[in-house]
Structure formats: C-alpha cells, structure tokens
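Worksheet: one structure, shown below.
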Amino acid sequence: MENKKMSFEQLEHHIEKFLKEHKSASIATCMNEIPRSSPVQYYLGEELNIYIPSAGGEKFKAIEKNPKVCLLVNTEYVDYRKIKGVQIFGQARTSLEDKGLIEEAKKYIAHAHLLEEEKLQVIKIIPEEIIYLDAIDRGDRTKQVLKLMDKQVTIQKDDMLVYL
C-alpha cells in the first residue's frame, strides 16, 4: 500500500513532530569537491530552522566556502524497508560569520549557557526542501518532499533495484 500524499500543512506537522522526537543528526558539507559528514546534536527553531551548537571544525570552513548543506535525521537503520527520517536541504550560516546567531540560538538550545561557557559556535540551517520518508510500518519507500519556498508537496517514488 502506497503512502498517501499529504497537504503542505500535514507534512510540515509530521516533519516537525519527527524532528522534536530526535536530537542527533549528521550534517553533510562539501568543500573543494570533497564531501564530509559530521555527527551533530541539533535544536529545532521556528519555521523548521535548525540550530547546531559546535566546538568548530572543518564543517565551518566548508560552510564558509559552500553554504549548501544536508542534515539527515533518521531512526535506527534496520534495513531499507524499515526506516523513517528526514533529509533537510538548505543554506547554512555560522556564528563565525554572524555573531547574532549565538543570541538567536539561545531561545532554542537546551543549556544555552554552555554556548558561552564552553565557547561554542552555532550553525543555523535555513531549510529550502525537506524529504520525509516513513517506511517503518508498511515498507513503502515513497518520499514526500516539502518545498518551503513554493509551499508545495511533491512525491518521489523509489525505483527498487532487484539483483538476482
């Protein structure tokens, strides 16, 4: 049975609910044509914006050169038919470039006092497109795509390759 296409508001609600149930993710960046994925803890802000406290690292250099990022949040991977998650594609900014992000992030980050005490920086992701997959119950890999600029939902069907 195929997942039914949701309205923009329904899909936005499912994504927000899923993001609130989780805190760990992987952020993918790319610099000099070399992709990199880093484990992070994130906090959800308004309009599905994401705030990531971080001690720094190569991801900050990558974002400075190329602000396009992808954040993956998912359930434990059982197999390709039993997974639920979101991929958030968007533009990232860091508090190295915009010091105001630290104050902005304090509204959403638990233990925000640690930002200053531990001298942490912040990455903010402004989503442009979010892909939602819920294959937990029925194994249906139909992806629902939330396009935030257009306020539209599209469907992506997975063509399964079968090797004999």
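The values are calculated or read from the model by the stated rules, or taken from the named source; none is laboratory data. Predicted, not measured: the structure shown is a model, and the values here were computed from it. No Cβ is skipped: glycine too gets one built from the backbone with ideal geometry, and neighbour counts run over all protein chains shown.
The set of residues in region 61-85 that are assigned to a loop (DSSP other than H, G, I, E, B) and in contact with a Leu (Cβ under 8 Å, 6 or more places away or on another chain) contains only Ile83.
Against the list (1) under 16 Å from the mean Cα position of the chain (by Cα); (2) surrounded by fewer than 16 Cβ atoms within 10 Å (Cβ to Cβ), the condition Lys5 fails is (1).
Suppose the filter is farther than 28 Å from Thr154 by Cβ and within 13 Å of the chain's Cα centre (by Cα); does Pro39 pass it? When the stated conditions are applied, Pro39 passes them.
For region 9-48, which positions are in a helix (DSSP H, G or I), hydrophobic (A, V, I, L, M, F, W, C) and touching an Asp or Glu at 6+ places or on another chain (Cβ under 9 Å)? The answer is Phe18, Leu48. Could you look through region 16-39, keep only residues that are touching a Pro at 6+ places or on another chain (Cβ under 9 Å) and surrounded by 12 or more Cβ atoms within 10 Å (Cβ to Cβ), and pick out the one that is farthest from Ile83 (Cα to Cα)? Here the residue is Thr29. Hey, any hits in region 128-142 for a residue that's within 20 Å of Ala28 (Cβ to Cβ) and at pLDDT below 95? Checked region 128-142: at least one residue is within 20 Å of Ala28 (Cβ to Cβ) and at pLDDT below 95.
All of Ile88, Ile109 fail the test of being closer than 30 Å to Lys143 by Cα, touching a Pro at 6+ places or on another chain (Cβ under 7 Å), assigned to a strand (DSSP E or B) and among the aliphatic types (A, V, I, L, M), apart from Ile88. If only residues of region 15-41 that are in contact (Cβ under 8 Å) with a residue 40 or more places away in the chain and not β-branched (Val, Ile, Thr) are counted, the one that is farthest from Ser95 (Cα to Cα) is Phe18. Of the residues making up region 117-132, at least one is part of a helix (DSSP H, G or I) and either touching a Ser or Thr at 6+ places or on another chain (Cβ under 7 Å) or more than 19 Å from Cys70 (Cα to Cα) (or both). Looking for whichever is in contact with a Ser or Thr (Cβ under 7 Å, 6 or more places away or on another chain) and of a type outside the set (Val, Ile, Thr) here; the options are Ala62, Ala110, Ala105, Ala92. Which one fits? On inspection, the qualifying residue turns out to be Ala62.
Buried (at least 17 other Cβ atoms within 10 Å of the Cβ), among the polar types (S, T, N, Q) and in contact with a strand residue (DSSP E or B) (Cβ under 7 Å, 6 or more places away or on another chain): which single residue out of Asn74, Asn49 fits that description? Answer to the selection: Asn49.
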